[in-house]
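Below: the structure, in structure tokens.
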Amino acid sequence: MSIRFVESSKLPTEWAVFDMHGFEDIENDKEHVVLTLGDVADGEPVLARVHSECLTGDALFSMRCDCGSQLQAALQKIAEEGRGALLYLRQEGRGIGLLNKIKAYKLQDAGADTVEANEQLGFGADMRNYSICTEMLRHLGIKSLRLMTNNPRKVKALTEQGLTIAERIPLKTGHNPHNAHYLATKAGKLGHLMHDDEEQ
Ligand SMILES: Nc1nc2c(ncn2[C@@H]2O[C@H](COP(=O)(O)OP(=O)(O)OP(=O)(O)O)[C@@H](O)[C@H]2O)c(=O)[nH]1
Ligand SMILES: [Zn+2]
């Protein structure tokens, strides 16, 4: 058990007034947040987004990736349904951290793709760990998710953690000329499903 619940409060946003739940990972001092809306502990599958921190995309309007746009779209969809959960995991840069992500971007500026850049820095392509999700969701009474993601490896990883993924809901948004190559690499090398006719 490495996750400790700390406190909950309201978080008003442009889309809805969410309940915000703060957790601490006592193994590494990381602080994670879950936003929920409505009754998520009633046993029915919960519309959910498991979002990995991307400071550049989520907060600094970067067009190198699709993260900020996915974050907004997920909150909007949850607000439209009046029920759901967004897990905001502090696993910046697919787990390598912000400064290493900047080093990876520098290598990408020189021609590497997102996977090659990680490898040149001595990291795996994706260093994220989803085990923390189970503990936070258990605290909130959530067992089954309707997961908004294009990443089948995320579905697999969460299933392996004992969660039920009742449905995968594609989250295709935020495509622009600056991230076309990046998104193509995610589809080609990381297995993301970017086209409507693809199935997991
Ligand atoms: N190392 C590295 N991390 C990146 C890069 N671009 C985005 N990220 C990080 O990737 C994470 C988001 O993961 P993505 O691969 O975009 O998407 P995903 O979460 O696997 O899948 P979706 O659920 O479909 O969004 C965030 O933590 C970003 O900071 C990059 O070029 N290099
Ligand atoms: Zn991003």
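The values are calculated or read from the model by the stated rules, or taken from the named source; none is laboratory data. Note that the structure is a prediction, hence the values are computed from the model and not measured. Note: ideal-geometry Cβ built from the backbone for every residue, glycine included; neighbour counts use all protein chains shown. We work out accessible area using only protein heavy atoms, side chains counted, and drop any ligands, DNA or RNA first. Shrake-Rupley method; radii C 1.70, N 1.55, O 1.52, S 1.80 Å.
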Check: When only residues in the range 136-185 that are part of a helix (DSSP H, G or I) and in contact with a Ser or Thr (Cβ under 7 Å, 6 or more places away or on another chain) count, which is modelled with the lowest pLDDT?
Finding: 182
Notebook entry, point to check: Of all the residues that make up the range 144-163, how many are in contact (Cβ under 8 Å) with a residue 60 or more places away in the chain and over 20 Å from residue 77 (Cα atoms)?
Noted result: 1
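Going by the conditions given, is residue 2 touching a residue at least 24 places away in the same chain (Cβ under 8 Å) and under 22 Å from residue 185 (Cβ atoms)? Even if it seems obvious, please write down each step before you answer.
Working: touching a residue at least 24 places away in the same chain (Cβ under 8 Å): yes; under 22 Å from residue 185 (Cβ atoms): no.
The answer is no for residue 2.
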Check: Does residue 133 fit the bill of being buried (at least 17 other Cβ atoms within 10 Å of the Cβ) and away from ligand 2 (no atom under 16 Å from the Cβ)?
Finding: yes
Item checked: Residues located in the range 64-98, provided they are over 15 Å from the mean Cα position of the chain (by Cα), within 11 Å of ligand 1 (Cβ to nearest atom) and aliphatic (A, V, I, L, M) -> 98
Margin query: Looking only at strands (runs of 3 or more DSSP E) that lie completely in the range 1-120, which have at least 3 residues being open to solvent by less than 40 Å² (accessible area, probe 1.4 Å)?
Written below: 17-25, 30-37, 46-52, 84-89
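Open to solvent by less than 70 Å² (accessible area, probe 1.4 Å), among the β-branched types (Val, Ile, Thr) and over 13 Å from the mean Cα position of the chain (by Cα): is that true of residue 173 in this structure?
When the stated conditions are applied, residue 173 passes them.
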Notebook entry, point to check: For residues in the range 152-168 being touching a helix residue (DSSP H, G or I) at 6+ places or on another chain (Cβ under 8 Å) and within 13 Å of residue 49 (Cβ to Cβ), which is surrounded by the most Cβ atoms within 10 Å (Cβ to Cβ)?
Noted result: 158
Item checked: Residue under evaluation residue 128, criteria (1) open to solvent by 30 Å² or more (accessible area, probe 1.4 Å); (2) under 17 Å from the mean Cα position of the chain (by Cα); (3) under 23 Å from residue 42 (Cα atoms), criterion not met -> (3)
